[in-house]
Structure formats: structure tokens, C-alpha cells
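Trainee: Below is one structure. I have some questions about it.
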Amino acid sequence: MSGDNVSALQLVLSGDPELFAIVWLSLEVSLSAVFLAAVIGVPIGAAIALNRFPGRETTIVILNALMGLPPVVVGLAIYLLLSRSGPLGEFGLLFTPEAMVIAQILLVAPIIAALARQTIEDLWMEYHDELAAMNVGPFARIATLIWDARFSLVTALLAGFGRAAAEVGSILIVGGNIKGFTRTMTTAIALETSKGDLVLAIGLGMVLIAIVVIINALAWGVRRAGEHYAG
Amino acid sequence: MKPMRAPAADLPLTFDEVSVRARGVTILDRIKLTLDAGLPTILIGPNGSGKTTLLRVAMGLLAPSGGRITWGGREHASPDRRAILFQRPAMLRRSAAGNIRYALSAAGVPRAERAARVDALLTEVGLAGLAKRPARRLSGGEQQRLALARALALDPAVLFLDEPTASLDPAATKGIEDIVRSVTARGVKVVMSTHDLGQAKRLAGDVMFLHRGRLIEHSPAEDFFAAPRSEEAHKFIAGDLLV
């Protein structure tokens with residue numbers, strides 16, 4: 001076992017091209033999914049935070065529940081949608097990185113929307129009277145709140161990235177784990193472990209953890225800098 | 001300084017039998033009043049007498065449950081020329097200058113004019129050296145002055161101040177009072193609540209005395225302090241505990 005660890009480290013440090021292609025694809029898929037999920041989720045969270053409408057409480061409960069969507073179920077749903085005989089089959093997206101991004105957006109957007117809703121609602125309580133007194137219109141209000149909450153919203157994006165980077169169920173189903181095309185760190189680890197090739201699995205595991213730590217450290221730095229700059 | 005604008009379209013401000021009720025409690029009880037340009041109107045009365053609610057209704061932030069309000073003869077006038085300083089103002093998560101710039105932008109001041117206005121307003125409230133400081137890291141007195149500058153950025157014809165010096169020391173209080181005098185001199189109508197009778201005497205043109213949601217007295221300051229007409233106001237001025 002310790003021999004495997006040493007070989008894994010050598011594999012990582014040697015810059016093995018296969019390993020780095022896998023790492024790169026994983027980052028591409030997860031970061032794209034987080035970015036697009038933020039574009040969708042933050043305005044949805046803001047809209048729920050600022051508006052009172054019938055069924056609002058139910059919407060919040062459902063949104064919170066969606067944070068725990070099982071990845072394999074999402075994978076299955078997207079599989080059915082994208083498969084040749086499915087409603088979106090004509091686009092030929094199944095077993096492509098795009099399909100993986102779509103599946104991860106579905107997993108990440110509820111997390112970002114639910115956390116953004118809470119953050120923006122808290123800020124809205126604080127700002128409500130001032131913005132009303134300044135006669136700020138509804139769209140400008142949302143823009144103001146998102147802008148002023150931007151450093152707190154980093155936490156929501158991080159939670160979303162954590163989910164995307166760690167999950168294997170949905171992307172395994174809709175991506176197919178095709179070598180050199182849709183093979184990511186998590187799907188490769190699952191495959192190599194079941195095949196018994198622990199060296200590559202351990203190497204990828206080390207890289208995955210390192211990436212998660214680095215991204216969190218960057219986000220922490222951004223947040224601290226932001227608090228220093230904006231209070 | 002900014003140019004004087006035409007006489008305010010928001011004045012006179014009139015309350016006609018205005019009531020506010022919430023959850024069965026009457027907060028304002030059939031208030032009738034008229035406010036016009038001139039020296040500051042000072043609103044006094046014990047805690048819970050309805051001062052804050054009266055200011056919020058006058059600002060147009062809270063719709064009355066009964067009666068009607070008109071600004072310059074119009075109902076439902078949008079608050080373009082009114083501004084309010086809340087008792088505990090919220091600081092936007094931006095620099096001191098950024099807070100004022102935001103208000104200028106909300107008031108539709110052209111981008112090219114904003115920088116000069118920001119400087120002028122910060123200087124007016126004595127915060128010129130703190131332009132870049134995050135607003136939430138200013139002291140309580142500095143935040144109060146910044147919020148006042150932000151309210152003035154809207155170029156109001158009527159400025160409502162809700163106990164602006166309640167938690168300030170004498171020096172900071174004097175700073176706020178000086179600003180009240182200078183904006184009054186440029187033709188801004190100030191309507192201000194306070195617990196400080198000395199301050200009321202220093203600033204007031206007229207005094208409104210509110211007790212349990214009713215406007216007990218509204219008279220010129222000299223008359224009010226020399227000879228209050230009501231028993232409650234008499235006690236309040238004498239320093240008796242009015243409960």
C-alpha cells in the first residue's frame with residue numbers, strides 16, 4: 001500500500017499526460033457547471049428573497065430539499081432526456097462533456113440558489129428602508145443586493161463547487177467515463193479502484209483533494225480582501 | 001455647493017386625519033397637520049408616542065390605515081425630493097464615498113457630476129478625509145454623518161431626521177445641529193424628532209408634541225416652551241416622567 005502511495009506521488013509529479021488530461025477535463029466540467037449554475041441560481045435566489053408570493057414558503061422548502069438531490073437520479077433523468085430516443089436526443093449530447101455540465105448544473109444550481117436566497121434576504125432586511133427611501137427600482141435593488149453580497153456569495157459558489165468536484169454518480173451515467181473524452185477524476189478513481197489499479201486512483205485522489213484545498217484558499221483570500229475593501 | 005432649486009413641489013405636506021394601526025394597536029390616531037417651508041419642525045414626545053411612525057408616513061414609506069396625506073397637494077407623490085435619516089441607518093457595504101455615489105446615482109445625478117458632489121458632501125459633513133474608508137468601519141457618529149450626507153445627496157426639499165443625535169456625544173451632536181442649520185439656510189425643510197429638549201429649543205421653528213399616537217400640540221417653538229397648552233406637554237417640558 002505504501003508502495004502504491006509513492007508510485008502515485010511519482011505519477012503526479014512526473015506530469016503524466018493522461019493524468020493531467022483527466023484533471024483538466026474535471027476542472028473544465030465542474031467550473032463551467034458552477035459558473036452557469038451561478039448565473040441561473042443567484043437571480044432565482046434573489047427573486048425569492050425579495051418577493052412575497054403565494055407558495056413562497058413551499059418554494060423555499062423545495063429549493064432546500066433540492067440541495068440534497070441524489071446525483072445518480074439526476075444522471076438518470078438527464079440520460080433519459082438526452083438518449084437517442086429521448087426528447088432532446090437529436091442534439092447528440094449524451095456521453096459528451098456538455099451532458100456532464102448539464103447534469104452538474106442541475107445538482108449545483110439549487111445549492112447556489114438556496115444559499116444566495118438566505119444571504120440576500122438577510123442583506124435585504126438591512127437595506128430595505130434605505131433603498132425604499134432612495135426610491136431605488138426593483139431591478140436596481142436586486143443588482144445592489146447581489147453586488148453588495150458578492151463576497152458572501154463566494155461561499156455559496158464554493159459549496160456548489162464542492163458538490164460538483166466531488167460527485168461521481170451523475171457524470172458517470174451521462175458522460176460514460178470514456179477514456180480521453182469524458183473521463184474525470186472521480187469517474188477514473190471509481191473505475192481504477194474497481195480494476196485494482198490503485199496507483200492512478202490514489203494519484204488522482206491526491207490531486208482532487210489538493211485542488212479543492214487550493215480553490216477554497218483562493219476563495220477565502222478573495223473574501224478577506226473583499227471584507228477589507230468593502231467592509 | 002449645489003444650486004438652490006425651485007420651491008419644493010413636495011410642500012406643503014399635509015396630514016388629514018391620518019391613522020396608522022397595526023395588529024389592533026393604534027400607533028397614530030387621526031393626525032391633522034400642515035408643514036410648510038421655513039425653520040425646522042421638531043417632533044417631541046415620549047418613547048412609543050409614534051414619532052418614528054409619523055416620520056415614515058410623512059416620508060411615504062408607510063401607507064396610513066386611515067386618512068390621507070398630500071405632498072404639495074398631490075397624493076402618491078414619489079419621494080424624489082424627500083429624504084430621511086433613520087435612527088439606525090444602514091451602511092451600504094461600500095466606501096464612504098461609495099455610499100454617497102450610490103445615492104447620487106439613485107437620484108439620477110449625471111455620472112460626470114458625481115465626483116465633485118461626493119467631495120462637496122463629504123466636506124459638508126466633515127468626512128473629507130475618510131472617503132475611501134469602508135462605511136461599516138466608521139464610528140457611530142461618523143456613520144450618522146455619512147448617512148446624513150447620503151440623504152442630502154438626494155437634494156431633498158424636505159429632510160426627515162429620526163433622532164439623529166440620540167447616541168452621539170456633544171461634539172458630534174453639535175456637528176449634526178450645524179448641518180441642520182446650514183441646510184435650513186439653503187431652503188431645505190427639516191422635520192426632526194428628538195428626545196433632547198435643549199436641542200429642540202436650539203433648532204425649532206415650531207414644535208409638534210406627540211403623545212400616545214395623538215398630536216397634542218403643534219405651535220411655534222417660543223409659545224410651546226413658554227406656555228404649553230396641554231397638561232401632558234407641561235409635564236414633559238418640566239421633566240416629569242410621562243407614562
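The values are calculated or read from the model by the stated rules, or taken from the named source; none is laboratory data. Bear in mind that the values here come from a model prediction, so they are computed numbers and not experimental data. Cβ placement follows ideal geometry from the backbone for every residue including glycine, while neighbour counts extend to all protein chains displayed.
Trainee: Just checking, which of A:Leu153, A:Leu131, A:Leu172, A:Leu157 is within 17 Å of the chain's Cα centre (by Cα) and under 30 Å from B:Val109 (Cβ atoms)? Break it down into steps so the answer makes sense when it comes.
Mentor: Details: A:Leu131 fails: within 17 Å of the chain's Cα centre (by Cα); A:Leu172 fails: under 30 Å from B:Val109 (Cβ atoms); A:Leu157 fails: under 30 Å from B:Val109 (Cβ atoms).
Step by step, each of A:Leu153, A:Leu131, A:Leu172, A:Leu157 is checked, and only A:Leu153 is within 17 Å of the chain's Cα centre (by Cα) and under 30 Å from B:Val109 (Cβ atoms).
Trainee: I'd like to know if region B:62-76 contains one or more residues that are among the acidic types (Asp, Glu) and under 17 Å from the mean Cα position of the chain (by Cα).
Mentor: no
Trainee: To continue, here is another question. Could you tell me whether any residue of region B:66-86 is under 21 Å from B:Thr184 (Cα atoms), within 14 Å of another protein chain (Cβ to nearest Cβ) and surrounded by fewer than 17 Cβ atoms within 10 Å (Cβ to Cβ)?
Mentor: yes
Trainee: Checking the conditions here, which among A:Ala143, A:Ala159 is modelled with pLDDT under 95, more than 30 Å from A:Glu18 (Cβ to Cβ), within 14 Å of another protein chain (Cβ to nearest Cβ) and in a helix (DSSP H, G or I)?
Mentor: A:Ala143
Trainee: Still on this structure, please answer the following. I need the full set of residues from region A:128-137 which are facing chain B (nearest Cβ under 7 Å) and assigned to a loop (DSSP other than H, G, I, E, B), in order please.
Mentor: Scanning region A:128-137 gives A:Met134, A:Asn135, A:Val136.
Trainee: To continue, here is another question. List the strands (runs of 3 or more DSSP E) inside region B:142-236, counting only whole elements, that have at least 3 residues being surrounded by 20 or more Cβ atoms within 10 Å (Cβ to Cβ) and either more than 14 Å from chain A (Cβ to nearest Cβ) or without any contact (Cβ under 8 Å) to a residue 12 or more places away in the chain (or both).
Mentor: Answer list for region B:142-236: B:189-193, B:206-211.
Trainee: Next question, about the same structure. What is the number of the single condition among (1) within 14 Å of chain A (Cβ to nearest Cβ); (2) under 24 Å from B:Pro79 (Cα atoms); (3) in contact (Cβ under 8 Å) with a residue 24 or more places away in the chain; (4) in contact with a Lys or Arg (Cβ under 9 Å, 6 or more places away or on another chain) that B:Arg117 does not meet?
Mentor: Going through (1) within 14 Å of chain A (Cβ to nearest Cβ); (2) under 24 Å from B:Pro79 (Cα atoms); (3) in contact (Cβ under 8 Å) with a residue 24 or more places away in the chain; (4) in contact with a Lys or Arg (Cβ under 9 Å, 6 or more places away or on another chain) one by one, B:Arg117 breaks only (1).
Trainee: If B:Ala106 satisfies all but one of (1) under 17 Å from B:Arg181 (Cα atoms); (2) buried (at least 16 other Cβ atoms within 10 Å of the Cβ), what's the number of the condition it fails?
Mentor: Of the numbered conditions (1) under 17 Å from B:Arg181 (Cα atoms); (2) buried (at least 16 other Cβ atoms within 10 Å of the Cβ), the odd one out for B:Ala106 is (1).
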